[in-house]
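Written out below as structure tokens is the structure these notes cover.
Any read-out appearing in this document is the output of simple, stated calculations on the displayed coordinates, not a laboratory observation. Computed from a predicted model, the values in this text were never measured in an experiment. Here Cβ is always computed from backbone atoms with ideal geometry, including for glycine, and neighbour counts include all displayed protein chains.
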Amino acid sequence: MRLRPMTAVYLTRGDKILLLYRIGSRVVGNSYTGAAGGHIEAAEFTDPKACVLRELQEETGLTADALGGLSLRYITMRNKAGEIRQNYYYFAELKDGFDVQNSTEGRLEWHDLTGLDALPMPVTARHVIDHYLRIGRHDDKLYGDVTTEEGSVFSEMTDF
């Protein structure tokens with residue numbers, strides 16, 4: 001079985017979240033994901049933040065100085081198609097004075113936080129967004145999950 005480590009970043013501005021409608025992706029095509037993300041390169045294996053920042057710049061042109069409060073909020077794992085898909089989900093506020101016009105990976109769109117349940121998303125992204133809306137946006141905790149056919153159960157990942 002292979003390991004496929006990936007990152008994604010969700011950018012917020014007030015009560016809106018920036019989502020990317022990915023078109024034609026071999027992993028998550030024709031669905032909504034974070035504003036940017038992708039596969040962790042070998043040199044980034046111990047630093048998923050480096051990956052998410054690289055992907056953000058490649059896909060949107062934004063750099064770290066456009067972000068406020070960038071933090072790793074969710075780590076998920078899923079067994080899919082002979083791979084363990086390990087996802088690192090980051091969230092950040094897009095600072096005033098910065099905006100995105102386009103992406104090389106699909107169509108960027110701002111969405112109200114209240115209308116996300118009808119959008120098509122990959123399974124783990126759906127579970128992350130649902131948890132974030134209910135709980136995660138009200139705290140700054142790191143959550144972990146192993147996604148199964150029955151769903152996701154997020155646990156706070158504490159330092160011990």
Please indicate, with yes or no, whether at least one residue in the stretch 67-80 is under 17 Å from residue 100 (Cα atoms) and part of a helix (DSSP H, G or I).
no
If you check 62, 56, 67, which single one turns out to be in contact with a helix residue (DSSP H, G or I) (Cβ under 7 Å, 6 or more places away or on another chain), farther than 28 Å from residue 151 by Cα and surrounded by 15 or more Cβ atoms within 10 Å (Cβ to Cβ)?
62
Residue 136 vs. criteria in contact with a Lys or Arg (Cβ under 7 Å, 6 or more places away or on another chain), on the phi > 0 side of the Ramachandran plot and surrounded by 13 or more Cβ atoms within 10 Å (Cβ to Cβ):
no
Kindly check whether there is at least one residue in the stretch 96-107 that is on the phi < 0 side of the Ramachandran plot, of a type in the set (Asp, Glu), touching a residue at least 60 places away in the same chain (Cβ under 8 Å) and part of a strand (DSSP E or B).
no
Boolean, residue 69 is in contact (Cβ under 8 Å) with a residue 40 or more places away in the chain and on the phi > 0 side of the Ramachandran plot
no
For the stretch 108-141, name all the residues that are outside any loop (DSSP other than H, G, I, E, B), among the small types (Gly, Ala, Ser) and either without any contact (Cβ under 8 Å) to a residue 40 or more places away in the chain or in contact with a Ser or Thr (Cβ under 6 Å, 6 or more places away or on another chain) (or both).
115, 125
